[in-house]
Amino acid sequence: MMEFLDQLWSLNLDRETVFGLFEQGLVFAIGMTAILASLGVILCATPIYSALYLIVNMMCLALLFLLYNAEFLAAVQVIVYAGAVMILFLFIIALLGAKKEKRDLSFQNLAGLGFVGLLFCELLMSMMVGETKPVEGRVTLEVVQQVGSAKAIGIELFSHHIIPFELASLLLLVAVVGIISLAKFSNKQLRKRTRF
Amino acid sequence: MNHLITAIVFLPMVAAIVIMMTKVVRNHNEKVIAIAIGASFLTFLGALGLVVVFDSDHHGMQLVTSVEWVSVLNIYYKVGVDGISLCLVVLTAFLGALAIYFSQDHRKNLKYFLALILMLESGTMGVFVAMDSILFYVFWELMLIPTYFLIGIWGEGNKVYATTKFVIYTLVGSLLMLIGLIWVTMVHYDLTQTLTFDIPTLLQTQIPADIQLYMFLFFFLAFAVKLPIFPFHSWLPHAYVSCPIPVLILMTGAMSKAGAYGLIRFCLPLFPEAIADWGLWIATAAAGGIVYGAWIAMMQRDLKALVAYSSISHLGLIALGIFAFNGQGIEGSVLQMVNHGIIASALFIIVGILEKRLRTRNLDQIRGMKTQMPVLYGIFMLITLAALGMPGLNGFVGEFLILMGVWGSHLLDGMAGLLVLAAGLGIVFASVYMLFMFQGTMQEPLEPKFDDVKDLNWKELNLLIPACILVVAIGLYPKPVIDRVSPAVDHMLHMEKKFKAFGADSGLGGGH
Amino acid sequence: MGSEFVLFVSATVFSIGALGFVIRKNPLVMFMSVELMLNAVNFLLVGYSSFLNSLDGQIFALIIMTVAAAEVVVGLAIILTIFRTRHELDVDHINILKG
Amino acid sequence: MYSLSWLILFLPMAGFLGLAWFGRYIPRSVGGWFACATVGGAFVVTLLQLVQLYAENPADRLNHVLTLYPWIVSEGFSLNVSILVDPLSVFMLLVVTGVGFLIHVYSIGYMHDDPEYLRFFSYMNLFIFAMSLLVLAADFFFLIVGWALVGLASYLLIGFWTDKKSAVLAARKAFVMNVIGDVGMVIAAFMIFEHFGTLNYVEVFKAAPTTFSSNDDGILLITFLLLVGAFAKSAQIPLHTWLPDAMEGPTPVSALIHAATMVTAGVYLIARCNALYMMAPFTMYLIAAVGLLTALFAGSIAMVQYDIKRVIAYSTMSQIGFMFLAVGVGVFSVAMFHLMTHAFFKALLFLGAGSVIHGMAGEQDIRKMGGLRFVMPVTFITFLIAALALSGFPLTAGFFSKEEIIMNAYHAEFGNFVYWGLAVIAVGMTGFYTFRMFFYTFMGNTRSPELRPHESPRVMTAPLMVLAGLSLAGGFLGPWTHDFLSPVFGGAVPVHHEDAMLEIIAVSAALGGIVVAVAIYMTGKGQLAFVKQMLAPLYELLFNKYFFDEIYDFLIVKPVKGIGQFMEERAEKGGIDFSVDEIGRQVREVSRGISMWQSGKVRMYALNMVAGMVTILLFVIFL
């Protein structure tokens, strides 16, 4: 980001640079929007607004994926997250009713704020590290553009990562079974545990 | 013959697994009982075979089987017997057979009950034959686990409390022991640069005097809790009162001996200097336990509790003999372990029979059973007399040897008179409470509500007759037992330390 | 834009997600916060995948999405079940795991 | 022939085992005679030993040890089961098996109606076995074994009638008292082993003079601890309280165990260990003093008791006191002589009392008897003989033995005038209480005719007659006894007839006692009430046996119970058990505190996770 600002200040502009700057500006703007949207998620008192902000955040991220040359993932992000998952959220909110949540400055919240602030600072320190790994990948931008993002991912997935892929399918199966059992058998009253 | 010991130790365990996998339909337990009895009797026969094969002139471990177990750490499956463990293995096998035979009557989930008892037997025998310290520890814990379930599930009264207390108390001790075992190995490694868990080799280690005490405490606590020695006994009354009688036979007869066995096997050879410093205190505690247990036993009205406290008293005597640290004391202790195993188990069987018949164990409610049960009267009398140390019966021989050992002990020189007097007081008290128990239940006019009680049946007679025969036989001719124990004890007392920490300054070489 | 920007955005979103998870009481919002955190990581993976010319990151992200989807579905089902039995949704009141 | 001596042990043992195991298959009559036969056989074997001993020179009669089998071989301690045949053991065995045989025969009649007839005989045989073991033991270990086994037999026989609560309690008391004695002896054995390295009589006695000098601490302690056993067994003060209670057992038991044999084992023990005791004059004084004290104490109590068996029991204590006096002044063979004559007349007295009780259908209170001389003539005459012998009437057995004791109390090595004087008083008491009992029982008119007293059957009276003969003639065995036993005790006892005055006083004391009894009990009842009133406080004291039982109850039984209760409640439940539980409870409290962390609140967990994450990252970044 500092780089971007330097370039902006130096005003060393040509066509390539302008497009580059524009793209960078776009990325920056979308990133900031994502951050703001995520702030919106956690700051809105009503879940429905949170859900909407989350959609915004996901769309932003999908755009960022697009800008970082991951067209396939961007599509998946939109379909799976913004589509399926968020719809699910909205359904549940509709089902349970969205009550407003009282906010207070309890110890819990303050402590959470403190810790998360620390965490944030620590995470930011990772920015100071810089490049740690030399670029040696073989799937360059050109290659991807040549075969198309979906195909590239498909080749990679089915050639190198077949086992995680299958495991993921297994996970989905388990999730399905779990949901069915939750929906079907969990009508018993929960027992209050006694101290002893 | 090479794998006889392995066979004896694992036969009950295999039988236990077979029993657990056997299907029992609607309490038709005959098949399970047959397997259990068969296995336990085969084990006992095997143990008798061990006696035949055993060479009583030889002091070291015999019939050793050694198989590599964990090669990285040099842990071996290594078993063998010497005279001391031979006695205890035979005792355990005998009591195991008794316990199984006694647990035939109807009981919930009988097959698991039998299987756990067999596991307990297996673990206990394993402790006595293990020659690798890690193997020893594994068997030590294996002995504990079945007991937890046996008391917790089939017990009576406040059983969960009792079993929890017992297991936690014992477990604390045995974990300390594990630390101690590893520590000894490390010290041995420092001295010789060889990593081994082999017990006979480890016993050769001369442990530096300054750390002996701490190491000794690690071991001692485990054994003192298991035995138990006086202030560490508080699990015993609860556990014994809650424990079902068949389990109690093994627990009091064999399992508690594991503590004494550990003291003899580890503490005496490894830590002569710590014992030289602390033996007197421990012996005093043991003597205190003799009097204390007997004194409280006198106040009990519950027969089971009475025998439980009397066990504390008798086990105190065993501990006292061990810490006399000389031949007579230790031989007497080993003999007394056998004797107490026989006597206490017989007493518990009798209590169990009475309880089954009369539905009570309260001394105040039982009167004059002699009229109804003349055979039990005779047997009970014999066992009572043995328990209170009547000469001519086995209890006396052990007591005499122990007290003689204490009297002549160099370690306990200053206090020997007092200790023997305390033990003597314990014996006097023993006569009081045993007679309370025997006369209270058996004599005086019969309580009318018990006038349809039947005498012993054949099964119960079969349980008690072997004990009676042994009580008389050991009393009249203890030499065979002593002959087998004696070489091992002598060897242990005069052991030359091969691996010395500090040159010629060897301190107490063998304890004398 | 360089890797710092990716790091910055993902760290910020991640922290915000964590904050949301800690301070919010509504389980739905908490789940959303979890999604935020997951997405933040996904973004990091995708961004670095592009920098490093490797597709591994994207595949990782793909699988995370799968997991996240499964997690959300199961989680929402659990929330629904809890709501059915307790008729409220304040996580502070759901403390049957109390020791 | 010595090799046959194991039969003395084996025969009664066989009788015991046979009757105990096969008792229910044997007809009653056969079983009873079988028991008698085993004891009779033992007696015959003992006679054979006697003959064998006589075939040798007096000096060679010692130390015939027959080893049966090795019993224990331990490090530095080995022991054989072995038998010692010498004049002392044969002499004692003659008394044991001889009197034992007569009492066995008597029991056939006495116990005839008892449902557990054969159990009785099996116990009696056990006793004979145990007593023979005690006598024949060749070392201290088997002495202790026999010592404890006679205690066991005594316990079993006192508590023979298990339906009687008093009998059960008496048996327990006797057993516990004896165990106290046993413990003393066991410790003495340890000390002997410590000093001599062996428990064998022969070696110990041989080494004693070189190991110790006179009145060494060691020898004093050894002799004293042995004495504890002897006191307990022989019912000397302060371990005497069990003997009167022991009269709850069947009368033949009292005759055999608590008069003739077992209670005199203490005397035998001291006589056996004379080599040790001669080196401990302090202990000898103690023995003599306690013996005299017991003689006076028991004699005085016997003067006021009404239970016929208790009177005889106290008399037994008193007579054993005399024996202790005799060993205490160092004339062992005199003590043994009195032991023998006492066995005769005291067994006779008990058997006569048993005959009376049998005839009176179990009544033991002498106030309810009376006038029995007509209905029970044999019992009457034999009882009279026994009474005369007991009180030391001239020319009866008791006269000779007691006179010797009294004379030696003054003349012997450790004797003095005080001993003599007190002994004479005790002799006077003896005459009084014996004839008081006698008059109550046989003279006057019958006081309870409803009991229909009758003479006992022949099988009971025959032993009475034999014993009466012995009580009359036994006194003339004195010189033979001293001669026979002299090798054991290292020389003959000097005979003192020079002080005729002392002797006359002693005899007249005995006669005086009888005369006083006649004066009070035969010439009308007025005097009795008068004397009772005159001496009321003393009478109370005596009648309650100097409150010994109460004192023991207060000093020992109550504190033991109290401490026991205290220990159970405070030390066990409130102390050790509590502290162990408390450790557990504290651990649980601490974990309860820690488990506050485990609040069950998801957000809290999340917070913890975040905190953990922060911490881990801190480590990653800065370390």
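Read-outs: derived from the displayed coordinates by stated rules, not from any lab. Keep in mind that this is a model prediction, so the values were computed, not measured. Every residue, glycine as well, gets a Cβ built from its backbone with ideal geometry; the counts of neighbours run over all protein chains shown.
Only residues of the range B:407-435 count here: report those whose backbone N is under 12 Å from the spot 7 Å along Cα→Cβ of B:Met381, or say none. Output list for this probe position: empty.
Separation of the range C:1-47 from the range D:24-71 is 106 Å, based on Cα centroids. Our note on the geometry: Cα centres of the range B:339-413 and the range D:571-605, 40 Å apart. The convex hull defined by the C-alpha atoms of the range B:122-261 has an orientation-averaged projected area of 8.0 nm². Derived scalar couplings between HN and Hα for the range B:436-452 equal 3, 5, 5, 5, x, 7, 9, 9, 6, x, 5, 5, x, 6, 9, 7, 10 Hz in order, rounded to whole Hz, by the Karplus curve 6.51 cos²θ - 1.76 cosθ + 1.60 (θ = phi - 60°), x for Gly and Pro. Within chain D, the selection of entire DSSP H helices by a Cα span of 24 Å or greater along the long axis and an average Kyte-Doolittle value of at least 0.5 returns D:28-54, D:87-110, D:117-136, D:140-158, D:165-196, D:217-234, D:281-302, D:308-328, D:332-359, D:417-442, D:500-521, D:602-622. For chain B, the Cα gyration tensor yields ellipsoid semi-axes of 36, 27, 19 Å (square root of five times each eigenvalue, largest first, whole Å). Shape analysis of the range A:1-99 places it in the oblate category; the axes a ≥ b ≥ c from the Cα gyration tensor give an a/c of at least 1.5, with a/b not above b/c. Under the simplified labelling scheme, the D:Ser595-C:Arg84 pair shows an inter-label distance of 3.0 nm, with each label point 7 Å from Cα along Cα→Cβ. For D:Ile381 and D:Tyr54, a Förster radius of 35 Å and the Cβ-Cβ distance give a FRET efficiency of 0.55, rounded to the nearest 0.05. Other protein chain C-beta atoms within 10 Å of residue C-beta, averaged over B:382-395: 4. Taking label points 7 Å from Cα along the Cα-to-Cβ direction, B:Glu68 and D:Ser166 give a separation of 8.1 nm. What lysines does B:Lys23 reach when the alpha-carbon gap must be under 22 Å and sequence neighbours fewer than 8 apart in one chain are set aside? Partners found: B:Lys31, B:Lys108, B:Lys111. Counts of other chain beta carbons within 10 angstrom of each beta carbon in peptide D:162-170 average 4. A simple spin-label model places pseudo-atoms 7 Å from Cα toward Cβ; at D:Tyr605 and B:Asn2 they are separated by 5.6 nm. Amide H contacts under 5 Å for B:Ile75: B:Trp69, B:Val70, restricted to partners 5 or more places along the chain or on a different chain, H placed in the peptide plane at 1.01 Å from N. Semi-axes of the equivalent ellipsoid for the range D:498-605, computed as √(5λ) from the eigenvalues of its C-alpha gyration tensor and ordered from largest down, come to 79, 18, 7 Å. For chain B, the 222 nm mean residue ellipticity estimated from helices alone, with every DSSP H stretch of n ≥ 4 adding -39500 (n - 2.57) and the total spread over all residues, rounds to -23000 deg cm²/dmol. So the label point goes 7 Å from the Cα of D:Met465 along Cα→C-beta, right? Which residues of the range D:386-407 then have their backbone N under 17 Å from it? Under cut-off, by backbone N: D:386. Which cross-chain or sequence-distant (5 or more) residues have an amide H under 5 Å from the amide H of D:Ile83, H modelled 1.01 Å from N in plane? Here the answer is D:Leu66, D:Thr67, D:Leu68, since their amide H atoms fall under 5 Å of that of D:Ile83.
Overall shape of the range D:166-242 was characterised from the C-alpha gyration tensor. The equivalent ellipsoid obtained from it has semi-axes of 30, 12, 8 Å, in decreasing order. Based on the alpha-carbon gyration tensor of the range C:3-93 and its eigenvalue square roots a ≥ b ≥ c, which shape applies: rounded if a/c is under 1.5, prolate if not and a/b is larger than b/c, or oblate? Note, shape of the range C:3-93 comes out oblate. Listed by chain and number, the aspartates and glutamates placed with their C-alpha closer than 15 angstrom to that of D:Lys233 are D:Asp182, D:Asp245; residues fewer than eight positions away on the same chain are left out. Ordered by the number of other Cβ atoms lying within 10 Å of each residue's own Cβ, fewest first, A:Leu88, B:Leu181, A:Leu141 fall into the sequence A:Leu141, A:Leu88, B:Leu181. Listed by chain and number, the lysines whose C-alpha is less than 16 Å from the C-alpha of B:Lys257, apart from same-chain residues fewer than 8 away, are B:Lys226. Here the sum of -39500 (n - 2.57) over DSSP H runs of 4 or more residues, divided by the residues of chain D, equals -23000 deg cm²/dmol at 222 nm, to the nearest 500.
Once the Cβ-Cβ distance of D:Ala37 and D:Tyr69 is raised to the sixth power relative to R0 = 35 Å, the FRET efficiency obtained is 0.85. Quick one: in the range D:549-622, what % of C-alpha pairs are over 13 Å apart? Roughly 79 percent, once rounded to a whole number.
Rg of the Cα atoms in the range A:26-84, relative to 2.2 N^0.38 Å, amounts to 1.11. A Stokes-Einstein calculation at 20 °C with viscosity 1.002 mPa s, built on the Kirkwood radius of chain D over Cα pairs, returns a diffusion coefficient of 81 µm²/s. Counting neighbouring Cβ atoms within 10 Å and putting the fewest first, the residues B:Thr194, B:Thr163, D:Thr446 line up as B:Thr194, D:Thr446, B:Thr163. Holding the Cα-Cα limit at 31 Å, pick out from B:Lys304/D:Lys558; B:Lys304/D:Lys164; B:Lys165/B:Lys459; B:Lys159/D:Lys173; B:Lys165/D:Lys165 the pairs that are longer than that. B:Lys165/B:Lys459; B:Lys159/D:Lys173; B:Lys165/D:Lys165, as the Cα separations exceed 31 Å there. Projected over every direction and averaged, the convex hull enclosing the alpha-carbon atoms of the range B:274-505 yields 13.8 nm². Between the range D:240-295 and the range A:85-108, what's the alpha-carbon centroid distance in Å? One Cα centre to the other: 100 Å.
Once you sort the root eigenvalues of the Cα gyration tensor of the protein assembly as shown as a ≥ b ≥ c, which label holds: rounded (a/c under 1.5), prolate (a/b larger than b/c) or oblate (the other case)? Prolate, because a/c is 1.5 or more and a/b exceeds b/c. Amide H contacts of B:Asp132 (H built 1.01 Å from N, in plane; Pro and chain starts excluded): B:Lys78, B:Ile199 sit under 5 Å, all sequence-distant by 5 or more or on other chains. Each of D:His240, C:His93 was scored by other Cβ atoms within 10 Å of its Cβ. Listed from fewest to most, they are C:His93, D:His240. Most tightly packed first, judged by the mean number of other beta-carbon atoms within 10 Å of their residues, the peptides D:51-62, B:384-395 read B:384-395, D:51-62.
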